[in-house]
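Bear in mind these aren't lab numbers, they're just calculated from the coordinates by the rules spelled out. The structure displayed is predicted, hence computed values, not measured ones. Here the Cβ is made from the backbone with ideal geometry for all residues, glycine too, and neighbour counts use every protein chain on show.
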Amino acid sequence: MFLLKIKFPLQDPIPIFTIVLFIILLAPILLRKLRIPSIIGLIIAGMAIGDHGFNLVARGSIDLFGKAGLLYIMFLAGLELDMAEFKRNTYKSLVFGFFTFAIPLSLGFALCYYLLKFDPLASLLVSSMFATHTLVAYPLASRMGITRNEAVTITVGGTIITDTAVLLILAVIAGASQGTLNQEFWVRLSLSFLAFAFFILFGYPFIGRWFFKKIKDDKTTHFIFVLALVFLAAYLAQLAGVEGIIGAFLAGLALNQLIPQTSTLMNRVEFVGNAIFIPFFLISVGMIVDLRVLLKGPDALYIAAALTVMALVTKWLAAFFTQKIFRYSADQRQLIFGLSTSHAAATIAVILIGYNAHIINENVLNGTIVLILVTCLVGSFVTANAGRRIAMHETHKETEVVNLLERFLIPVNNLQHTEALIDLSVMIHDERERNPVYLLHVAQDEEDLKEKLEQTQKNMELAIKHASITETRIQLVNRIDLNMVNGLSRAIKELAISDLVIEWDDRSGSTTDFIFNRLFGTATNNILDSIWETVYICRLQQPINTAQKIVLVLTRNAEYEIGFGHWVRKVARLARQVNARILVCSTPETYTSFQQEIKNTRTYVETSFRPFEEVEDFLVLSREIKKDDLIIMVNARKGTISYHSYMDSIPAKLIRHFEFNSFLVIYPEQKQSDTESGMQSQDLALAPIQEQIDNLNKIGKAVKKIFKGGARE
């Protein structure tokens, strides 16, 4: 009796939402057993519940989430795009974009005009439909972690090129059918599109950087802010006369630098998209498909077969020519083909506009529905198979350069800044999924020790919760020792720590605190004398994701230190996370070694060079550094190869010249010194000799300047 009261198709949003959520939950699980991509399961489920299937859900009832999912796919495509690789391969994206647009457009027009006997306007409309494609299979590439592969990068870049061109053609066709294709139309479309693109690409980064600086800790507000910008960009794109997906993609590009891949915000953006918006879009695509069109006579079947074959062949040809020109592997060719062969969103927009304008008939509309189903199936299968092989190959390559014993330790001193240190550690930690980030609390043996440990545990719950959002494991370590330095040294040895991340404390006069004060007091010397692993001293005045440029200051002979390759990989990873270029300030010899080490990491980072010799160059350097730049200074322990006496004044100069900047001071890994008990690094005989040599060099430079000045006079 209860079931009889339910009327189909459902109109009430509560049961509709319930059915869709169970589909999102169960369809991937069931089809995974059959080795069928979850994308296909969601499309098939949409076919089943739509008005062309069992008619369970009313048509258009989930359009809001479906359209949001389409925008979300394009936004994620722009957000996850490796901008360094994209800039490096811009011409490759242009080449692929040309092939994936020109080949389907030309061959498709010939098919429609000469074989199917369509009129010129209808032929242009349908052939432009061949040229466009939707990144339906992109979530598969994202889940396999291959979105930074060059094949994916140029496919995404080519997608926006061909879709933009097709949607502009669509605007022209719509204007021609309405008889408004005049000079005023062209001027209005050109000016509005250029103004819209300029505002998104240049205005959004400025607005986003300002917002993240003003509101630093409210993660929920950050997510809502990003979501609002995405849909605003889509709406502005429509006002400019193009489709909203162009605006969503440009919003992803504009916010790319401000949302690092390992950040909490990125995790939330991907989670909400993969859990809600994108599945709704795929289900809405399935609800459009009507397999009964194949039973409406031979004409519909013939047109459907011709359109489907042409769509697959032309996209494969575009991938084939791209592979041959750039010498990609067969798997990369298949990945390009799989990602670019799916027709869904833009295809539907093109055909429905043509159908409503009476440019094409019902047979073409039905044939396009079959094309959407087949190309989505083929694209998903090909992407899944090729992507799996590429992911396995890339994992094998990464193991050649990754330190399997990489472990990060953060001493807990000021809970207010612990989250920022965790974020930095996650960004540069290559093995965060395998090894946890350790948080160390050192307590002295006192009467109220138990109460202090319990309070510390409660205070650390927020930091642990913050890290869990980024799917990073945190392990809290408690040590009881005489002082922080001793406890820290013991913990590093016991846990086999490779990297120590600590906060630079601006408080002056602190002699008992472990964290560094403004002038790097004696606690610093004790730490660096007892700890030989890589040490990062962090003064984070602004969120790292707002950095526009990384200024890397290297000392002379820094390339000869043992830990040179390790910290170079960390800096390169950080630059890729925040999509910032690196300005290297060093000697030419050190810069050459730095570039070679970057090549050894098999990554691409945009770098530039500025000569930097002595500490006197700081004043000149400060004129080139903006407030949004992140400064990384690679220092050296006393008695090491790259140590110079002027390094002792560097911390004070950093504070004096760059008070409002965020900066890191890195002490590279060193081999433990075999000195006698009680002897410190500054006691080594080499240190005073080096200081005298440096003084003589300074005197020599001053004398040369005097003689040069006299010669000019």
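Across the cross-link table entries LYS87/LYS599; LYS599/LYS626; LYS214/LYS627; LYS92/LYS315, which are compared at the Cα atoms, the separations over 19 Å belong to LYS599/LYS626. Peptides 162-169, 336-343 ranked from most to least packed, by the mean per-residue count of other Cβ atoms within 10 Å: 336-343, 162-169. With the simple spin-label model, which puts each label point 7 Å out from Cα in the Cβ direction, the PHE17 to THR601 separation comes to 4.5 nm. Using the Cβ-Cβ distance between GLU659 and LEU462 with R0 set to 30 Å, the FRET efficiency works out to roughly 0.55. The stretch between LEU201 and ARG59 holds 47.5 nm of extra length on full extension. This uses 0.36 nm per residue minus the Cα-Cα distance.
Each peptide in 321-331, 100-110, 123-133 was scored by the mean count of other Cβ atoms within 10 Å over its residues; highest first, the order is 123-133, 100-110, 321-331.
Report the gain in length on full extension from ASP218 to GLN238: 0.36 nm times residue separation, minus Cα-Cα distance, nm rounded to one decimal.
On the way: separation 20, 0.36 × 20 = 7.20 nm, distance 3.11 nm.
4.1 nm is the gain from fully extending ASP218 to GLN238.
Residues of the stretch 586-600 with amide nitrogen under 11 Å from the 7 Å Cα-to-Cβ point of ARG610? Under cut-off, by backbone N: 586.
When the dipole is taken about the Cα centre of the stretch 14-394, and only Lys, Arg (+1) and Asp, Glu (-1) are charged at their Cβ, what size is it in debye, to the nearest 20? The partial results should precede the final answer.
On the way: 26 positive and 18 negative charges, 179 e Å.
It comes to approximately 860 debye.
Please give me the summed charge of the neighbours of LYS493: other residues whose Cβ is under 13 Å from its Cβ, Lys and Arg +1, Asp and Glu -1.
Numbers: positive: ARG407, ARG479, ARG490; negative: ASP481, GLU494, GLU533.
Residues close to LYS493 contribute a combined charge of 0.
Between PHE8 and LEU115, the simple spin-label model (points 7 angstrom out along Cα→Cβ) gives 3.9 nm.
FRET efficiency for the TYR355 to ALA228 pair, using the beta carbon distance and R₀ = 35 Å, is estimated at 0.60.
Taking K and R as +1 and D and E as -1, what net charge do the other residues with C-beta under 13 Å from the C-beta of PHE249 add up to?
Working: positive: none; negative: GLU80, ASP163, GLU243.
Around PHE249, the charge tally is -3.
Positive contributions from Lys and Arg (+1) and negative ones from Asp and Glu (-1), summed over other residues with Cβ under 12 Å from the Cβ of HIS566, come out at -4.
With the simple model of a label 7 Å out from the Cα in the direction of the Cβ, LYS627 to LYS33 spans 6.1 nm. Extension gain for the segment PHE211 to SER530, taken as residue separation times 0.36 nm less the Cα-Cα distance, is 110.7 nm to one decimal.
Restricting to DSSP loop positions (anything but H, G, I, E, B) with no more than 16 other Cβ atoms inside 10 Å of their own Cβ, which trypsin sites (Lys or Arg not before Pro) remain in the stretch 215-302? Answer in residue order: LYS216, LYS296.
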